[in-house]
Amino acid sequence: METSTKAGLYVFLIFGVIYVIVRLSIQSVFTDINQMVLAVASAVITIILTPQRRVIKKQSGDEIQLKWLFMKKVFTLK
């Protein structure tokens, strides 16, 4: 599997998990919220919280870097 494909898959899975958590949290706080507003609000918050990805090419091979908005540490994956 190519490194950029793997990075996209990681970000997609993280997006899905964060989206479900945010949607259930908003739905539990605001019980009578419109479903369209719930979906849009959850998506916007999730886009902000999802990590940015970078594929770095090194001599030893490609490396995936994930960086969250509120964290200074960069996570590297092979």
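The values are calculated or read from the model by the stated rules, or taken from the named source; none is laboratory data. The structure displayed is predicted, hence computed values, not measured ones. Please note: Cβ atoms are built from the backbone with ideal geometry, for glycine as well, and neighbour counts cover all protein chains shown.
Pick out the one residue from Thr3, Thr46 that is β-branched (Val, Ile, Thr) and touching a residue at least 40 places away in the same chain (Cβ under 8 Å). Spell out how you get there, then give the answer.
Numbers: Thr46 fails: touching a residue at least 40 places away in the same chain (Cβ under 8 Å).
From the options Thr3, Thr46, the qualifying one is Thr3.
Meeting the requirement of 2 or more residues that are in contact with a helix residue (DSSP H, G or I) (Cβ under 6 Å, 6 or more places away or on another chain), the strands (runs of 3 or more DSSP E) wholly within the chain are 52-58, 61-67. Within segment 43-73, restricting attention to residues that are more than 12 Å from the chain's Cα centre (by Cα) and of a type in the set (S, T, N, Q), the residue that is surrounded by the fewest Cβ atoms within 10 Å (Cβ to Cβ) is Gln59. Restricting segment 4-42 to residues that are charged (D, E, K, R) and more than 30 Å from Lys58 (Cβ to Cβ), which is modelled with the lowest pLDDT? Taking the candidates together, the pick is Asp32.
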